[in-house]
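Colleague: This structure is in structure tokens; I'll ask about it shortly.
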Amino acid sequence: MLIALLVDEGVLLERENKEFESYNKVYDKKYGYYDEGQYYKRLKEKDEVIKDAKKYVEDGVDNTYVVVSKTLLPDEVDVNTVDVEDENYYVEDVIYSVAKMDGKIVENFVRK
């Protein structure tokens with residue numbers, strides 16, 4: 001198996017959002033994680049992925065987030081072309097998270 005990075009980016013939903021219950025089944029379940037995009041990257045690209053995550057959040061609206069976690073893929077998979085599917089989104093797999101909350105960049109907001 002190949003250890004890869006799963007990048008999940010989108011907008012956090014607060015409890016008062018009517019769609020919260022549909023999106024809070026992952027990670028720490030503290031927020032609704034309304035994803036706008038998910039993709040895989042190679043583990044060796046971790047520093048670049050984190051840099052890109054920060055920029056994505058800085059350029060986004062309030063409550064924009066990115067969660068980067070480790071996952072396993074079959075060895076023969078090309079991480080640049082395979083679609084994200086059948087992931088678990090466990091908090092213990094998260095290696096980096098960043099969000100814009102009240103106009104401030106908050107790193108590692110997903111706590112183990």
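Colleague: For the chain, what is the relative contact order in percent, using Cα pairs closer than 8 Å and at least 6 residues apart in sequence? It would help to have the intermediate numbers written out before the result.
Modeller: Values: 215 pairs, mean separation 35.9, N = 112.
Relative contact order, the chain: 32 percent.
Colleague: Leaving out ligands and nucleic acids, note down the accessible area per residue over the chain with a 1.4 angstrom probe, in whole Å².
Modeller: 61 Å²
Colleague: Bin width 10 Å, alpha-carbon pairs only: give the P(r) of the chain as whole percents, running from 0 to the bin holding the largest distance.
Modeller: Each 10 Å bin holds this share of Cα pairs: 15, 48, 31, 6, 0.
Colleague: Among Lys54/Lys112; Lys18/Lys44; Lys29/Lys100; Lys29/Lys51, which pairs are too far apart, with a Cα-Cα distance over 28 Å?
Modeller: The answer is Lys18/Lys44.
Colleague: Right, next: Using helices alone, what [θ] at 222 nm do you get for the chain, with -39,500 (n - 2.57) per DSSP H run of 4 or more residues, divided over all residues and rounded to the nearest 500?
Modeller: -4500 deg cm²/dmol
Colleague: Within the range 27-112, list the GluC sites (Glu not before Pro) lying in a DSSP loop whose Cβ has at most 12 other Cβ atoms in a 10 Å radius.
Modeller: Glu76, Glu85
Colleague: Placing unit charges on C-beta atoms (Lys and Arg positive, Asp and Glu negative, everything else neutral), compute the dipole magnitude of the chain about its Cα centre in debye, rounded to 20.
Modeller: Dipole size: approximately 520 debye.
Colleague: At a 1.4 Å probe radius, which order do Lys30, Lys70, Lys51 fall into by accessible area, largest first?
Modeller: Correct descending sequence by accessible area is Lys51, Lys30, Lys70.
Colleague: Just the number, please: carbon plus sulfur as a percent of the accessible area of the chain, 1.4 Å probe, no ligands or DNA/RNA counted.
Modeller: Roughly 45 percent, rounded to a whole number.
The values are calculated or read from the model by the stated rules, or taken from the named source; none is laboratory data. All figures in this text were calculated on a predicted structure; none of them were measured in a lab. As a convention, Cβ positions derive from the backbone with ideal geometry for all residues, glycine included, and neighbour counts pool all protein chains shown. Heavy atoms of the whole protein, side chains included, go into the accessibility calculation; ligands, DNA and RNA do not. Shrake-Rupley method; radii C 1.70, N 1.55, O 1.52, S 1.80 Å.
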